[in-house]
Amino acid sequence: MTTTATLEQSQVRLDAGGEAVVPLHIRNNGQLVEGYRLEVVGTPAGWTVVEPAEISLYPGDSTTATLAFKPPRSPALPAGELPFGVRVVPTEHPRDTVVPEGVVEVLPFLETTAELIPRTSHGRRTGKHQVAIDNRGNVPVQVLLATTDPTSALDATVTPEAMTVGPGTAAFANVRVRSVKRIWRGASKTHPFGVIVTPHGDQAVSLEGSHVQDAVLPRWLLKALIALLALIALLAALWFLVLKPTIKSAAKDAVKDPLAKASSQAAAAKQAAVAAQQQAAAAQQQAGAVASGKPVPAAALSAPFSSRLSVLTAPGATASAAYAVPAKQTLQLTDLVFENPQGDFGTATLTQDGTTLMSMALENFREPDYHFVSPIVVNGGGVLSLSVTCRAVGQPPNAPKPATCDTAVLLGGTMLTPAP
């Protein structure tokens, strides 16, 4: 044997994402100058660096190369012992190749995240959610789930209450909330609840959600009944005051001038019907104003409205974006959709003329939507502003980590403009 090679340390233990260096001693026992090529074989070969990769030795000389082990912190690399070898191949005598062997033990690590989807549900009595649990560690993790109800207004259950999630995989649990009492009529109520996700050996994750309970009888029902009663009354008045007397008079005077009389009566009936339609429309508009408790413009043009406030914020900084309602116009805001596609950490605050409407932690949502039965009214000149404080930038899956927090809110509703 013209070559000998030994590892100074045949067993290495290190954390995923760490680094360990092991010397490799090589000696030329032959009679000729020999060159050597060093190659790592086995699973660790993908994340092990040999320096130098090629050496040359005179007869009787020896040298030392180094193996730098750098296992990635990834669920794709499982924890445990991984055997490896180093092929020392002589250039002049390849048959004298030697392969010292060793074992790298990658230690386990835990990294568990959870998300509630959606964060807000709507319904007259029940709502459904899901908890997504993502195991980003390199060992299976056992997870316990439990619900919390700070107001005792909901009966919340989670199924299953325990599960095992494999490394690099996600699992889902179903959350069902049910209101304890019914709301027969009136405004909707928001009931908060929480889900506690406790991974074995790791820190618990607290998720916050809410259920918007709607009334059994919708608010528009009273307006529709008032408008219907007003229309029936107007039609009855039209019959008894206009149509019925006109028909009787036409029957009596048929022998005198039937053609002229019928024409006159038809014109009168047409005018009465137009008046009845105008009165019915006015009654319906007045009923809506009374039911909502807000003044209704005498004449206004309405159009669908949508706008998006987008904010890019550097870590540790605060930035904002705003929308101003044009003068002489009124915005009725009924829908809000918040967006946190990167999973950033920080705080997002939506204000109206300096008054806070909503304030949420970025890490608690990705894309929740809110619908308001009673719209948020912003008069002309009013300003809606989205302010974002970036604490830490998230890491989107399968993409490079961005440099800034990316947060947005989509505004939806109706814009009212006075008729010319």
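The values are calculated or read from the model by the stated rules, or taken from the named source; none is laboratory data. Given the structure is predicted, the values throughout are model-derived calculations rather than measurements. We place every Cβ from the backbone using ideal geometry, glycine too, and count neighbours over all the protein chains shown.
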### Message
Quick check on THR347: is it modelled with pLDDT of 95 or more and under 20 Å from the mean Cα position of the chain (by Cα)?
### Response
yes
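One line per residue, one yes/no per condition, for (1) among the hydrophobic types (A, V, I, L, M, F, W, C); (2) in a loop (DSSP other than H, G, I, E, B); (3) free of Cβ contacts under 8 Å to residues at least 24 places away in the same chain; (4) in the same structural domain as PRO75 (by TED's automatic domain parsing):
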{"residue": "GLU367", "(1), (2), (3), (4)": "no, yes, no, no"}
{"residue": "LEU384", "(1), (2), (3), (4)": "yes, no, no, no"}
{"residue": "LYS401", "(1), (2), (3), (4)": "no, yes, yes, no"}
{"residue": "ALA408", "(1), (2), (3), (4)": "yes, no, no, no"}
{"residue": "GLY412", "(1), (2), (3), (4)": "no, no, no, no"}
### Query
Can you tell which of GLU8, GLU51 is closer than 14 Å to PRO100 by Cβ and of a type in the set (D, E, K, R)?
GLU8
### All positions within the stretch 123-137 that are in contact (Cβ under 8 Å) with a residue 60 or more places away in the chain and in contact with a Phe, Trp or Tyr (Cβ under 6 Å, 6 or more places away or on another chain)
GLY137
### Query
If LYS70 passes every condition in (1) at pLDDT below 95; (2) closer than 25 Å to PHE109 by Cβ but one, which one does it miss?
(1)
### Query
Does the stretch 119-140 hold any residues that are of a type in the set (Val, Ile, Thr) and over 15 Å from VAL158 (Cβ atoms), and which are they?
THR120, VAL139
### Query
If you take just the strands (runs of 3 or more DSSP E) that sit entirely in the stretch 70-157, which of them hold at least 3 residues that are farther than 30 Å from ARG185 by Cα and not β-branched (Val, Ile, Thr)?
80-90, 101-107, 126-135, 141-148
### Residues located in the stretch 90-110, provided they are surrounded by 17 or more Cβ atoms within 10 Å (Cβ to Cβ) and either among the hydroxyl-bearing types (Ser, Thr, Tyr) or within 30 Å of the chain's Cα centre (by Cα) (or both)
PHE109
### Summary
Residue hits (the stretch 292-321; modelled with pLDDT of 90 or more, in a loop (DSSP other than H, G, I, E, B) and among the small types (Gly, Ala, Ser)) are ALA314, GLY316, ALA317
### Query
Can you tell me which residue in the stretch 386-415 is modelled with the lowest pLDDT, limited to those that are out of contact with any Gly (no Cβ under 8 Å at 6 or more places or on another chain) and of a type in the set (Gly, Ala, Ser)?
ALA399
### Message
Could you check the stretch 6-34 and list, in sequence order, the residues that are of a type in the set (Gly, Ala, Ser) and either under 56 Å from the mean Cα position of the chain (by Cα) or within 11 Å of LYS70 (Cβ to Cβ) (or both)?
### Response
SER10, ALA16, GLY17, GLY18, ALA20
